[in-house]
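Single-structure report; data block below.
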Protein chains: 2
Amino acid sequence: MTHYKLAFIGFGNVGKALARLLLDKQAEIQEKYGITWSAVGIATGRHGMALDPDGIDLEAAIAAADLGALSARPAPAGIRNFIKTCNADVLFENSPVSYADGEPALDHLRAALSAGMHAFTANKGPVVHGYHELRALAEENGVRFYHESTVMDGAPLFSTFRAALPAARLLAFTGVLNSTTNLILSRMENGESFDAAVAYAQRIGIAETDPSGDVDGWDAAIKVSALATVLMDIPLKPQDVERAGIRAITPEQIAAARVEGKRWKLLCRAERTADGVKAKVAPEMVGPETPFYNIEGTTSIVQFETDVLGLLSIIEENPGPHTTAYGLLADFLNAVREK
Amino acid sequence: MTHYKLAFIGFGNVGKALARLLLDKQAEIQEKYGITWSAVGIATGRHGMALDPDGIDLEAAIAAADLGALSARPAPAGIRNFIKTCNADVLFENSPVSYADGEPALDHLRAALSAGMHAFTANKGPVVHGYHELRALAEENGVRFYHESTVMDGAPLFSTFRAALPAARLLAFTGVLNSTTNLILSRMENGESFDAAVAYAQRIGIAETDPSGDVDGWDAAIKVSALATVLMDIPLKPQDVERAGIRAITPEQIAAARVEGKRWKLLCRAERTADGVKAKVAPEMVGPETPFYNIEGTTSIVQFETDVLGLLSIIEENPGPHTTAYGLLADFLNAVREK
């Protein structure tokens with residue numbers, strides 16, 4: 001039996017779903033993997049911090065409005081000090097992400113890995129801005145840096161290539177990876193205007209107040225960058241992705257596609273070139289002979305072209321905080337059983 | 001650097017494709033995984049045997065009409081003696097399969113595992129008839145028994161659950177796993193009769209002279225059994241699968257489906273029950289809102305329902321002996337890097 005002390009940075013929807021999943025799977029994890037765990041630290045931006053070397057009650061933490069009330073110690077000054085003093089073996093990093101530079105998550109992950117903790121995140125920012133640095137840091141310190149939930153939630157993309165497809169070279173991939181644009185295009189097919197469709201997506205909570213991250217293709221470009229950086233091992237920044245959003249798609253274009261039996265989808269594409277990778281996010285018309293045609297709403301797909309298999313596609317339906325949480329749990333269990 | 005001595009039973013399309021892949025990937029395998037290999041034995045039913053502790057030239061073996069010409073030793077009497085004397089670390093078992101009892105592959109795999117060899121197969125027979133026995137035998141002997149290529153060729157199904165999805169419980173799955181029936185149904189949609197479509201499938205070499213294994217759903221039932229046995233850990237025999245083939249589908253039914261915007265597919269289904277698993281292979285009408293609708297020709301799909309993710313589908317297009325061979329290579333590399 002091996003015991004792991006866990007720390008959490010960020011304890012919103014995903015952090016709480018992860019805590020719930022750890023509790024639900026506690027007996028199974030112990031029985032199947034010989035692993036026990038305790039939560040020794042939780043740090044949040046707006047709900048305080050809790051530190052307890054004897055273990056924080058995660059049920060209570062899920063319900064708590066102020067985590068400070070659960071703490072055995074005074075809160076350290078700032079998250080860097082939290083990482084230094086929490087004495088955890090594992091850090092789950094789920095602070096709010098900045099796509100511009102990956103901070104502060106990148107800084108937290110650096111600190112955790114340098115202190116010899118395994119570190120797992122659902123934030124795309126640190127992968128896009130610091131993957132190779134963090135991977136090297138993890139190797140130096142004999143720990144793992146994994147990030148399954150950064151693209152397509154907990155669906156196994158990174159881990160499949162890492163653990164199931166040895167000696168496979170990824171040549172290209174194509175995907176539908178942004179659900180907001182996918183939903184907007186579907187609603188426009190049903191006659192709604194672009195603006196009305198955006199307003200609907202905002203109303204149901206899948207689009208931000210400023211929808212430009214989705215509709216201008218930035219979110220998709222970041223996911224393409226993360227996949228290319230890790231799976232092709234070629235650093236790629238979102239600004240290096242040729243990018244066109246869906247603002248320019250007109251009702252006439254939507255109708256013209258339908259006449260041809262096609263649909264518009266915001267496709268993500270990347271392919272290896274002689275000296276790197278060429279990547280693109282743009283609306284394309286796709287026909288029913290492709291697996292992209294039927295991808296609706298929050299469903300995502302990525303189709304991989306390798307040197308060893310035929311086209312291999314992975315589709316995930318019905319994602320949510322609980323599937324993102326599973327990706328983080330899988331990262332943890334995969335990391336410690338590989339060691 | 002670790003050296004592995006490889007033996008092959010069966011050296012037809014798949015065995016030769018595996019030899020080709022091993023040669024093509026030799027430098028990469030050495031560099032990336034620190035693994036070197038030599039082929040010390042090849043046994044076939046109709047092209048003789050080769051044994052050479054110093055290594056058989058696989059290029060020559062691929063081209064050879066009689067493997068005996070490449071042998072450093074007289075051929076042993078029978079395949080059991082071949083296994084005993086080849087002194088390999090790894091056996092790739094690709095002899096012709098019997099679905100009735102899994103023999104002789106099952107016997108070969110038992111002998112290899114008992115002798116301390118890792119054993120890998122693309123044969124569904126031994127998985128359906130001996131999975132739990134072979135897995136236990138592998139564990140006792142400190143080696144691995146893997147079989148990625150038994151369902152959907154080299155697409156990572158078994159290895160994804162084994163290595164990428166810890167603590168995930170498979171609740172149910174649905175798939176289109178038999179390409180012959182899929183092709184026949186497509187051609188019937190284009191107005192061909194059942195008999196003419198079967199004859200076409202035979203002419204292009206994807207259906208057998210006796211097509212009943214495919215059209216009566218046996219091949220699909222065997223694949224369902226293999227998936228349920230391994231991924232749900234519940235032994236399931238093909239005869240326990242409720243099974244209806246596609247012979248009874250009439251042109252009228254095909255036309256009626258089209259009117260509804262649907263298509264007939266031979267669907268494979270399994271779900272956990274209170275005391276085991278309920279499995280079924282039968283033609284069903286599917287609509288374009290499902291990922292099964294667009295599965296054409298030799299493309300396969302399986303959609304997994306687990307307790308931790310939304311529906312997760314894996315699609316493989318363009319399979320062939322080279323993708324089956326990749327599944328065997330992946331089994332080998334996964335097994336030895338896990339150890």
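The values are calculated or read from the model by the stated rules, or taken from the named source; none is laboratory data. Since the structure is predicted, the reported quantities are computational estimates derived from the model, not experimental observations. As a convention, Cβ positions derive from the backbone with ideal geometry for all residues, glycine included, and neighbour counts pool all protein chains shown. Only protein heavy atoms, including side chains, enter the accessible area calculation; ligands, DNA and RNA are left aside. Shrake-Rupley method; radii C 1.70, N 1.55, O 1.52, S 1.80 Å.
Taking K and R as +1 and D and E as -1, what net charge do the other residues with C-beta under 15 Å from the C-beta of residue B:55 add up to?
Combined, the nearby Lys, Arg, Asp and Glu give -3.
Could you give each residue of the stretch B:123-134 its phi-based ³J(HN,Hα) in whole Hz, using Karplus coefficients 6.51, -1.76, 1.60 with θ = phi - 60°, and x for Gly or Pro?
The phi angles translate into 8, 6, x, x, 5, 5, 9, x, 4, 5, 4, 5 Hz.
Take the cross-link list B:16/B:237; A:32/B:278; A:223/B:32; A:262/B:262 and give me the ones stretching past 23 Å between alpha-carbons.
Pairs exceeding 23 Å: B:16/B:237; A:32/B:278; A:223/B:32.
Which FRET efficiency value, to the nearest 0.05, is calculated for residue A:13 and residue A:237 with the Förster distance at 35 angstrom and r the Cβ-Cβ distance?
0.80
If each label sits 7 angstrom from Cα along the C-beta direction, how far apart, in nm, is residue A:96 from its counterparts in the other copies?
Listed shortest first, these distances are 6.8 nm.
Run through the stretch A:232-269 and list the GluC sites (Glu not before Pro) located in a DSSP loop whose Cβ has at most 10 other Cβ atoms within 10 Å.
For GluC sites (Glu not before Pro) across the stretch A:232-269 that sit outside H, G, I, E and B with at most 10 neighbouring Cβ atoms in 10 Å, the list reads A:260.
Which of B:297, B:235, B:191 sits closest to the plus end of the dipole of chain B, meaning its Cα is farthest towards the positive end, when Lys and Arg get +1 and Asp and Glu get -1 on the C-beta?
B:235
By how many degrees, between 0 and 90 and to the nearest 10, does the Cα long axis of helix B:194-203 differ from the longest principal axis of chain B?
So the inclination is approximately 20 degrees.
For residue A:24, place a label point 7 Å from Cα along the Cα-to-Cβ direction in every copy; what are the distances to the other copies, in nm, shortest first?
4.2
What is the average number of partner chain Cβ atoms found within 10 Å of a Cβ in A:155-165?
Partner Cβ neighbours, averaged per residue: 6.
Let me know the shape class of the stretch A:1-144, please: from the alpha-carbon gyration tensor, a ≥ b ≥ c as square roots of the eigenvalues, rounded when a/c is under 1.5, otherwise prolate if a/b is greater than b/c, or oblate.
oblate
Mind running the shape call on the stretch A:151-211? Use the C-alpha gyration tensor, a ≥ b ≥ c as the square roots of the eigenvalues: rounded below 1.5 for a/c, prolate if a/b tops b/c, oblate otherwise.
prolate
Once the Cβ-Cβ distance between residue A:253 and residue B:196 is put in as r, and R0 is 41 Å, what FRET efficiency do you end up with, to the nearest 0.05?
That gives a FRET efficiency of 0.50.
Okay, helix-only estimate at 222 nm for chain B: each DSSP H run of n ≥ 4 adds -39500 (n - 2.57), divide by all residues, round to 500 deg cm²/dmol; what do you get?
Value at 222 nm, helices only, nearest 500: -11500 deg cm²/dmol.
Taking H placed 1.01 Å from N in the peptide plane, check which residues at least 5 places from residue B:35 or on another chain put their amide H under 5 Å from its amide H.
Sorted by chain and number, the residues that satisfy this are B:2, B:30.
Return one number: the angle in degrees, 0 to 90 and rounded to the nearest 10, between the long axis of the Cα atoms of helix A:179-189 and the longest principal axis of the Cα atoms of chain A.
Its long axis makes an angle of about 30 degrees.
Mind checking which chain B residue has its Cβ closest to the axis relating B to A, and how many whole Å off it is?
For the rotation taking chain B to chain A, the closest Cβ gives B:163, 2.
If you fit an axis through the alpha-carbon atoms of helix B:105-114 and take the longest principal axis of the Cα set of chain B, what angle between them do you get, 0 to 90°, nearest 10?
Once rounded, one gets 40 degrees.
Report the calculated FRET efficiency for residue A:72 and residue A:98 (r = Cβ-Cβ distance, R0 = 30 Å), to the nearest 0.05.
Given R0 = 30 Å and the Cβ-Cβ separation, E is 0.40.
When the accessible area of chain A is split by element with a 1.4 Å probe, what percent falls to carbon and sulfur?
Of the solvent-accessible surface of chain A, carbon and sulfur hold 49 percent.
Which percent, to the nearest 5, of DSSP beta bridges fully inside the stretch A:231-298 are antiparallel?
So the antiparallel bridges in the stretch A:231-298 amount to around 85 percent.
On a full-extension model of 0.36 nm per residue, what is the gain between residue B:273 and residue B:20, subtracting their alpha-carbon distance, rounded to one decimal in nm?
Stretched fully, the residue B:273-residue B:20 segment lengthens by 86.7 nm.
Under 14 Å from a point 7 Å along the Cα-to-Cβ line of residue A:65: which residues of the stretch A:28-42 have their amide N that close?
none
At 1.4 Å probe radius, can you tell me the per residue accessible area of the stretch B:170-316 in Å²?
40 Å²
Give me a comma-separated list of calculated 3J(HN,Hα) values for the stretch A:277-284, in order, Karplus coefficients 6.51, -1.76, 1.60 applied at θ = phi - 60°, integers in Hz, x for any Gly or Pro.
Result, ordered by residue: 9, 10, 9, 8, 10, 6, x, 9 Hz.
Tally Lys and Arg at +1 and Asp and Glu at -1 over the other residues with C-beta under 10 Å from the C-beta of residue A:39: what net charge comes out?
-1
For the protein assembly as shown, what class follows from the C-alpha gyration tensor (a ≥ b ≥ c being the square roots of its eigenvalues): rounded when a/c is under 1.5, otherwise prolate if a/b is larger than b/c, else oblate?
In terms of gyration-tensor shape, oblate.
Residue by residue, what Karplus-based ³J(HN,Hα) values in Hz, rounded to whole numbers, does the stretch B:228-239 have, using 6.51, -1.76 and 1.60 with θ = phi - 60° and x for Gly and Pro?
Ordered by residue, 3J(HN,Hα) equals 5, 4, 8, 7, 9, 6, 10, x, 9, 9, x, 6 Hz.
What does DSSP give for chain B in terms of the percent of beta bridges that are antiparallel, rounded to the nearest 5?
Taking every DSSP beta bridge with both residues in chain B, the antiparallel ones total about 60 percent.
For the protein assembly as shown, what proportion of DSSP beta bridges, expressed in % and rounded to the nearest 5, is antiparallel?
So the antiparallel bridges in the protein assembly as shown amount to around 60 percent.
Would you give the gap between the C-alpha center of the stretch A:314-329 and the C-alpha center of the stretch A:179-206, rounded to a whole Å?
23 Å
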